[in-house]
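Student: To start, I am sharing the structure in question, which I have written as structure tokens.
Throughout, read-outs are computed from the coordinates displayed, never taken from laboratory work. Since we're looking at a predicted model, the values are computed, not measured. Note: ideal-geometry Cβ built from the backbone for every residue, glycine included; neighbour counts use all protein chains shown.
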Amino acid sequence: MNTIPKTVPPLPRQRDLDRHLERTAALDWLRAGWADLKVSPGPSLLYGLGVFLVSLGVVGCMMALALDYVLFPALAGFMVVGPVIAVGLYEKSRLIAEGEPVSFTGMVMVKARSGGQIMFIGVLLCLLMLLWMRAAVLLYALFFGLRPFPGLDHVAGILFSTGTGLSLLAVGTLVGGLFAAFAFAISAFSLPMLLNERLDAFTAMGMSMALVWNNLPVMLAWGAIVLALFVLGVATGLLGLIVIFPLLGHATWHAYKAVRVPPAS
């Protein structure tokens, strides 16, 4: 009687995703982003101006429609969808690296190698931002009840001078941090990856999370830099986003190139 020989299936190839980068590598990415910004700065600054004008218009509409109670969650949510908006800046950095000419039209009409997969992640991040804004409203209702929003002039006093306000601030920061951490993990590298590689959205998001987790020290430093510069942009009445947003967009491309290793290698 013939017997079937025992075979051992090959084990999956282990992939080391730790790039062994120092925290200071995040500053190198920022410097490289600044260098890209200075190469044909016009398109990048025009891109940043567009982001500023749209953001200003959204804030103005929210104030006109008496939606000021979701203004702070909306500003925080901007960081969630920001990586999608910055796709054109990734494209400029890619063109510079390949020695190709840069134009504003090419930055707006981006042709990603993954096709429409970027749109899928864009929709997902927009839904995540809306979910965070709804969660923020529910948290306010849980702590203060069905009380009308006191207005932006009084919100600081309520949050920092009352026990209920401090509790809301602590819980809101924790919940918002979870939303931000998840959004950062799935979008830090997935969008540049989809622009530069032929992948599907789920693979790109999974790889992005794996790369962030395996390079956590430098990614925490990078996240702190992004947050600090974004707060600076908001503190200038959003005017600073004209420069800060392109700078972060170009730097994100260099972060992707430093951490992502092509499968072939």
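Student: Using alpha carbons only, how many angstrom separate the centre of the range 185-202 from the centre of the range 203-221?
Tutor: Going from one Cα centre to the other spans 12 Å.
Student: Give me the extension gain from Ala35 to Phe144: residue separation times 0.36 nm, minus the current Cα-Cα distance, reported in nm with one decimal.
Tutor: Taking 0.36 nm per residue and subtracting the Cα distance, the gain is 34.4 nm.
Student: Could you give the dipole magnitude of the range 25-259 about its Cα centre, charging the beta-carbon of Lys and Arg +1 and that of Asp and Glu -1, in debye to the nearest 20?
Tutor: So the magnitude is around 100 debye.
Student: Decide, for the range 18-94, between rounded, prolate and oblate: order the square roots of the alpha carbon gyration tensor eigenvalues as a ≥ b ≥ c, take rounded if a/c falls under 1.5, and otherwise choose prolate if a/b is larger than b/c, else oblate. Numbers along the way, then the final one.
Tutor: Working: a/c = 3.24, a/b = 1.66, b/c = 1.95.
Verdict is oblate for the range 18-94.
Student: What distance in nm separates the two pseudo spin-label positions at Met119 and Ala97, each 7 Å out from Cα along the beta-carbon direction?
Tutor: Each label point is offset 7 Å from its Cα along the Cβ direction, giving 2.6 nm.
Student: Let me ask something else about it. Using bins 5 angstrom wide from zero, how does P(r) for the chain break down, in % of all Cα pairs?
Tutor: For the chain, the pair-distance distribution reads 1, 5, 11, 15, 17, 15, 11, 8, 6, 4, 2, 1, 1, 1, 1, 0, 0, 0.
Student: Something else now. Among Trp213, Leu239, Val137, whose Cα projects farthest towards the positive end of the dipole of the chain, with charges put on the beta-carbon of Lys, Arg (+1) and Asp, Glu (-1)?
Tutor: Trp213
Student: Then there is this: Do the sum for the chain: with -39,500 (n - 2.57) for every DSSP H run of n ≥ 4, divided by all residues, what is the mean residue ellipticity at 222 nm, to the nearest 500 deg cm²/dmol?
Tutor: The per-residue figure over the chain is -24000 deg cm²/dmol.
Student: Here's something else I'd like to know. Count the lysine pairs in the chain whose Cα atoms lie under 23 Å apart, taking only pairs 8 or more positions apart in sequence or on different chains.
Tutor: 5
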